[in-house]
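Down below is the structure, laid out as structure tokens.
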């Protein structure tokens, strides 16, 4: 019996998905109409162009960026933004 001469890589194994963070996160599901998904995808494309080569931006990253921007805006984007987004219409 011979020993295996296969070398093992010293590089760490890269795992799929988002890297682990210090914070605990929860996955949520949302239903979006086709028009809103198209807007998210358009924002994703714009974000990729802004960040440049080497950044892999997916739809989830784009939604997180949009939520972060929306939640951190000043008081001037409170109820007006909700009305523009259709919040409160049809029991939503």
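The values are calculated or read from the model by the stated rules, or taken from the named source; none is laboratory data. Bear in mind the structure is a predicted one, so any value in this text is a computation, not a measurement. Note: ideal-geometry Cβ built from the backbone for every residue, glycine included; neighbour counts use all protein chains shown.
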Q.
Anything in the stretch 12-38 that is touching a helix residue (DSSP H, G or I) at 6+ places or on another chain (Cβ under 9 Å), surrounded by 10 or more Cβ atoms within 10 Å (Cβ to Cβ) and either outside any loop (DSSP other than H, G, I, E, B) or modelled with pLDDT of 85 or more (or both)? List them, or say none.
A. 32, 37
Q. List, please: which pairs have Cβ atoms under 9 Å, are six or more places apart or on different chains, and start with a residue in the stretch 11-40 that is closer than 18 Å to residue 59 by Cβ and end with one that is surrounded by fewer than 10 Cβ atoms within 10 Å (Cβ to Cβ)?
A. 18/25
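So how many residues does the stretch 50-72 have that are within 22 Å of residue 19 (Cα to Cα) and either touching a residue at least 40 places away in the same chain (Cβ under 8 Å) or assigned to a helix (DSSP H, G or I) (or both)?
Residues of the stretch 50-72 that are within 22 Å of residue 19 (Cα to Cα), as a first pass: 50-69.
When the remaining residues are screened for being either touching a residue at least 40 places away in the same chain (Cβ under 8 Å) or assigned to a helix (DSSP H, G or I) (or both), the result is 50-51, 59-69.
Total meeting the criteria: 13.
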Q: Could you list, in sequence order, all residues of the stretch 39-56 that are at pLDDT below 90 and within 13 Å of the chain's Cα centre (by Cα)?
A: 55, 56
